[in-house]
Each structure stands twice: as C-alpha cells, then as structure tokens.
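Here the structure is laid out as structure tokens; the discussion comes afterwards.
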Amino acid sequence: MIPFKYVSASSVEEVVDALAASDPPRILAGGTTLVDLMKLNVEQPSRVMDITRLSELAGFDTSGSQELVFGALTRMSDVADDPVVRSRYPVLSESLWRAASQQLRNMATLGGNLLQRTRCAYFRDLQYPCNKRDPGVGCSAIGGVNRGHALLGASDTCIAVYPGDWGTALMVLDAVVDVQSVRGRRTLKISELHREPGQTPHLETNLAADELILRIRVPTTPLGKASTYLKVRDRESYAFAVTSAAVALEMDGNLVRAARIAVGGVATRPWRAHTAEQSLVGKLFTASTARKAGDLAFENARTFDQSLFRVQLGANTVAEALKIARERA
C-alpha cells in the first residue's frame with residue numbers, strides 16, 4: 001500500500017485552488033478509473049481530492065429548448081435511463097447503456113468518463129515500456145500484441161486506443177464542455193477536448209493541469225431522434241469496443257439532408273468521420289451509400305497484422321448503424 005493524503009472538497013473553488021498548487025491532487029469522482037490505476041501502481045498520487053459531495057456538479061436538465069445540460073458528477077446510469085434522452089437522443093442513452101456493468105454505471109460519472117485512461121495492457125503493466133506512462137521509453141504495443149489498438153490518430157510513439165463510448169456519442173451532437181480554473185471559466189468543443197498522441201502521448205487532453213470539468217452541454221437538435229450507438233464487442237456485456245459507431249441523420253423522405261458519424265474503439269481519441277458524412281449529404285439513402293460511408297470512415301486507417309480485420313468490421317459497423325438511424329428517421 002502506497003500512502004496518500006485524502007481530502008474531501010467542499011466547493012469548486014477549493015478544488016481549482018488545489019489544482020493550481022505546486023503539489024496538485026488527483027481528483028476522485030466515481031473512482032472507476034483512478035482506483036483501478038492506483039491498485040496497479042500506474043497512478044501513485046500523494047494526494048487525492050474527493051469531489052463527490054459537490055452538489056453544484058451533480059444532476060442534469062433535459063427540459064431546455066436550446067440545450068441539454070449534464071453536470072460532471074452525474075451518474076452514467078441516471079442519464080442512460082432518462083426518458084427524454086432515451087426517446088429523443090438514443091445515441092447518448094445507448095452509449096451509456098452499452099458501457100461497463102450496471103454496478104460501474106451506478107458509480108461512474110459523465111465528466112470522469114470523458115477523461116478515462118486507455119485500456120492498453122502495456123500502459124497498465126509497469127514491467128513494459130510505455131511512452132504514455134513514462135515519455136521517451138518506447139511503445140511496447142507497436143511491436144507487441146496490438147489487435148485492439150488504434151487504427152486512426154496513432155503516431156510512432158503511441159497506438160493506445162481511447163476506450164470511451166460517451167465521448168464518441170457526444171461528437172455527433174456537437175457537445176461542448178465547460179471547465180474552470182483559478183483563471184476563470186472557458187468552454188471547449190467536445191472535438192477539442194482530446195488530443196492525438198503525436199510526440200507527447202502523455203498529454204491526452206487540451207485541459208490545463210489546473211482545470212476542472214463542470215458540465216457537458218448538448219445543443220437540442222432534430223438529429224438526435226434518428227441516431228444510434230452501435231458497439232461491437234468480443235463479448236456481449238462489460239467489454240470495451242472492438243469497433244463502434246455513433247451516427248445521426250436528418251432525412252427528407254429517403255434523401256439525406258445531414259449526417260453525423262463518429263467511430264469509437266479504433267482511434268486515439270473520439271473520432272469524427274467528416275468525409276464519410278459528406279459522402280451521404282444530398283444522396284438517396286441506400287445500402288450502397290451506407291457502405292461507402294463506412295469505407296470512407298476508415299480510408300486512412302493504419303493497421304498491423306493483428307488489427308487488419310477491424311477495418312472491414314469497422315466499416316460494417318458504420319453501415320449497420322446508419323441503417324438503424326435511417327429506420328428511426
């Protein structure tokens with residue numbers, strides 16, 4: 001057991017002040033990522049600050065005419081089961097229902113889910129070199145077991161996949177994230193929150209070290225109704241995606257007026273497939289156009305022998321998700 005100091009925060013201001021200190025704490029929300037990594041000694045914080053009692057970060061509101069608002073400490077299971085989210089924004093509900101187990105969904109928070117760390121086995125095992133854990137030592141996955149690693153957004157320093165479902169779903173609805181530091185508040189587009197590894201794989205987001213996520217906001221949109229989150233896994237429940245697709249459509253009869261596509265389980269961050277979207281707009285929806293969009297979503301994929309099968313699987317996942325969304329339109 002590695003000793004650490006535990007502090008329970010009483011206000012957002014107390015948290016951001018602590019994050020700006022010379023020895024900032026690690027933040028404990030649901031704990032479903034941090035505690036795991038502490039058990040593995042991947043995380044060895046000297047201080048842990050529990051923010052679960054901050055009522056101003058909890059709860060959510062789906063009644064607004066302009067946007068849905070989700071506090072960073074809102075539990076995944078609460079949003080997954082919300083009637084408005086389930087009926088009008090199924091891509092959000094399904095991304096949460098298909099993540100983890102019911103017990104974890106009852107603990108895990110929406111803000112924490114956005115910031116969860118990779119499931120790369122080499123990152124989580126201290127006996128292997130890992131640039132994400134210890135910059136400059138090398139990436140064991142590139143020449144190792146890489147069946148489930150990133151096809152998109154990887155670099156020669158890191159091919160670890162981003163594991164989240166919620167962030168991928170938020171991409172197709174153009175969500176934004178409000179954050180706070182001692183310098184004040186600012187808003188990031190969800191597409192700007194995460195970084196590709198490049199030459200600095202240990203830097204996973206564009207948050208400053210002293211910034212705290214306050215809430216996630218999703219603009220109301222007719223795209224939400226005709227949407228879905230389709231997740232392909234090695235086993236049906238409690239498993240991370242081999243491939244996944246979040247899609248949303250706006251239709252005029254069988255003509256595609258607007259399309260949103262993001263893919264998950266295959267990239268170093270939540271990945272929006274803009275070229276695939278553009279291939280559908282103004283076209284009649286057919287099995288052929290859906291399949292073309294799926295292929296385009298993976299046109300720049302970088303594969304290894306063990307991961308080659310996931311390109312075709314990913315394209316099929318996108319095409320099937322588009323068909324589901326079309327039926328809902």
Review point. Most mobile of GLU236, GLU196, GLU204 per a Gaussian network model of the chain (Cα springs, under 10 Å)?
Key: GLU236
Review point. Rg (Å, one decimal) plus Dmax (Å, integer) for the alpha carbons of the chain?
Key: 19.5, 62
Point to revise | Debye intensity ratio in log₁₀ form over the Cα atoms of segment 223-328, taken at each q of 0.16, 0.18, 0.23 Å⁻¹ | key: -0.63, -0.78, -1.21
Point to revise | Entries in LYS231/LYS283; LYS5/LYS39; LYS225/LYS283; LYS39/LYS189; LYS231/LYS323; LYS5/LYS189 that, when Cα-Cα distance is taken, lie over 23 Å | key: LYS231/LYS283; LYS39/LYS189; LYS5/LYS189
**Study point:** For PHE309, PHE285, PHE70, order by how many other beta-carbon atoms lie within 10 Å, fewest first
**Key:** PHE309, PHE285, PHE70
Check your understanding: What nm value, rounded to one decimal, do you get for the distance between HIS202 and GLN127 when each label is placed 7 Å out toward the C-beta?
Key -> 2.4 nm
Review point. Which distance in nm do the two modelled labels at ARG328 and GLU14 give, with both placed 7 Å along the Cα-to-Cβ direction?
Key: 4.0 nm
Check your understanding: Residue by residue through segment 38-47, which ³J(HN,Hα) values in whole Hz follow from phi under the Karplus form 6.51 cos²θ - 1.76 cosθ + 1.60 (θ = phi - 60°), with glycine and proline marked x?
Key -> 5, 4, 8, 6, 5, 9, 9, x, 7, 9
Exercise for review: For segment 209-278, would you read off the P(r) tail past 17 Å as a percentage of all alpha carbon pairs?
Suggested key: 58 percent
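On average, how much area does the Cα convex hull of segment 138-204 cover when viewed from any direction, in nm²?
5.7 nm²
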**Study point:** Sorted by Cβ neighbour density within 10 Å, fewest at the top, the residues ASP81, ASP295
**Key:** ASP81, ASP295
Practice item. Could you line up LEU152, LEU170, LEU230 from fewest to most neighbouring Cβ atoms inside 10 Å? Key: LEU152, LEU230, LEU170
Check your understanding: What is the gain in length, in nm to one decimal, between TYR6 and GLU236 on full extension, counting 0.36 nm per residue of separation less the C-alpha to C-alpha distance?
Key -> 79.1 nm
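Only the coordinates and a few stated rules stand behind these numbers; no lab work does. Because the structure is a prediction, the values reported are computed rather than measured. Note that each Cβ is placed from the backbone with ideal geometry, even for glycine, and that neighbours are counted across all protein chains shown.
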